[in-house]
1. Averaging over all projection directions, find the projected area of the Cα convex hull of the range B:48-151 and quote it in nm² with one decimal place.
2. Calculate the mean, over all residues of peptide B:18-26, of how many other protein chain Cβ atoms lie within 10 angstrom of the residue's Cβ.
3. Explain nothing, just the number: dipole magnitude of the protein assembly as shown about its Cα centre with +1 on each Lys and Arg Cβ and -1 on each Asp and Glu Cβ, in debye rounded to the nearest 20.
4. Averaging sequence separations of C-alpha pairs under 8 Å and six or more residues apart, then dividing by the length of chain A, give the relative contact order as a whole percent.
5. With a ≥ b ≥ c the root eigenvalues of the C-alpha gyration tensor of the range A:173-250, is it rounded (a/c under 1.5), prolate (a/b larger than b/c) or oblate?
6. Mind checking which lysines have their C-alpha under 17 Å from residue B:167, skipping anything on the same chain fewer than 8 residues away?
7. Less than 19 Å apart at the alpha-carbon level, and either on another chain or at least 8 residues along: which lysines does that give for residue A:60?
8. Just reorder B:124, A:191 by solvent-accessible area, largest first, 1.4 Å probe, all chains present.
Amino acid sequence: MLTKRIIPCLDIKNGRTVKGVRFEDIRDAGDPVELAALYAKQGADELVFLDITATNEKRKTLVELVREVARYIDIPFTVGGGISAVEDVEVLLQNGADKVSVNSSAIHRPELITELASRFGSQCVTVAIDTKSTPEGWKVFSKAGTVDTGLWALEWAKEVVERGAGEILLTSMSNDGTKNGFALDITGEISNNVIVPVIASGGAGNEQHFLDVFEAGADAALAASIFHFQEVPLPGLKKFLAENKIDIRC
Amino acid sequence: MKIVIVDYKAGNVQSVLFALERLGAQATVTSNAEEIQSADKVIFPGVGEASSAMRALKVNNLDLLLPTLTQPFLGVCLGMQLLCQHSEEGDTEMLGIIPVPVKKFEAAVKVPHMGWNNLHHLKSDLFTGIKEDEYAYFVHSFYAPVTEHTIAQSSYPEPFSAALQYKNFYAVQFHTEKSGPAGAHILQNFLNL
């Protein structure tokens, strides 16, 4: 049986993990490779590296990191952040990334999704959608949730799939950071209306939240700080989900 | 031991190289016929779309060379499907080495089939030491049905071929290089053949 995926997300700046990570059993919490190895060992099903570097040296550092991750980590990983061209993706995949995630560049120029899918295959094209609940419904926002794009989340999700996305990473900006749970309604609605897998992101605070979002229809769930700060340790989370009849690898 | 990875610009070559490196093995990435013929083991990775991959193979006449090989050969993911007969992806004639078709998953399931799934009905030296229902990582939208050449099955929800074997040609639908310790074990088993 295909299992639901649990995906820790690591924010990267200049080749280092950004958020303070509290782990007693690793030497250098800022080293993405060491943290990634620990997560892989604990049962992470995949990893996402989100690059938030804003310098000209960006590509080089990121590519070096991707190469190191691919060298030492034997589970799949996705790289996102600032990807806007076929050439950006080519170098990341050549160095061992399994998938890339595009966000604002796809909103800016939706043809990019098709270009990437036809060049590299849909299986490595994840489109990240940041959505917020508004009085009119769930809309797509860009620039870290500050700019209303005018797009409806469900319509945009359908469009990116038509254009060749192989997966959707759906982040609810309304839930992100609250630790009150994922946005179950929009996650379920999108997941049930597109043919590709949907990763839920934003709002995870405890084990029950993961169970809720999988029951709502998510194919995978992503979180960052609750894993980094060991508030929800991975092995216990997977055991809890398995006990609650979710198909999970553990 | 000389290990060669077939280079046709459509494989996730670097990940396979790193997976071999973790096993302490070195490999050459090449499209040169003599290099490939003289290898002890040949690995044939692949990601992307079937018809463009077949076109890429024809550039260097690899479509004619690969079926003639006699050493242990391992196709991975699209590399497995390329060994089959005909694919519904782009209505493509594949290499025709393993007499099995490649079909598209029914619309009832999410496509791609992406994530960790169980391996069952294991029967091959490739799976020595691997327990029934072990997990492996899959990403694919097309599949080979279960036939007499199936050496491992997986289900989505219907059973399909997670691995095939025909003579010296072994092939896995999942990514050995991304399937954790079990994937590494399977890759080591191939090197031991």
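The values are calculated or read from the model by the stated rules, or taken from the named source; none is laboratory data. What you see is a predicted model; the values in this text were computed from it and never measured. Backbone-built Cβ (ideal geometry, glycine too); neighbour counts: all protein chains shown. Note: areas computed on protein heavy atoms with side chains; ligands, DNA, RNA excluded. Shrake-Rupley method; radii C 1.70, N 1.55, O 1.52, S 1.80 Å.
1. On the way: hull surface 29.0 nm².
Dividing the Cα hull surface by four gives the mean projection, 7.2 nm².
2. Details: counts 10, 4, 0, 2, 4, 0, 0, 0, 0.
Neighbouring Cβ atoms belonging to other protein chains average 2 per residue here.
3. On the way: 39 positive and 55 negative charges, 106 e Å.
Dipole of the protein assembly as shown, to the nearest 20 debye: 500 debye.
4. Working: 513 pairs, mean separation 45.0, N = 250.
It rounds to 18 percent for chain A.
5. Numbers: a/c = 2.02, a/b = 1.20, b/c = 1.69.
Because a/c hits 1.5 or more and a/b fails to exceed b/c, the range A:173-250 counts as oblate.
6. B:41, B:123
7. The reachable lysines, counting only those whose Cα sits under 19 Å from residue A:60, are A:13, A:99.
8. Details: B:124 30, A:191 5 Å².
Per-residue accessible area, sorted high to low, gives B:124, A:191.
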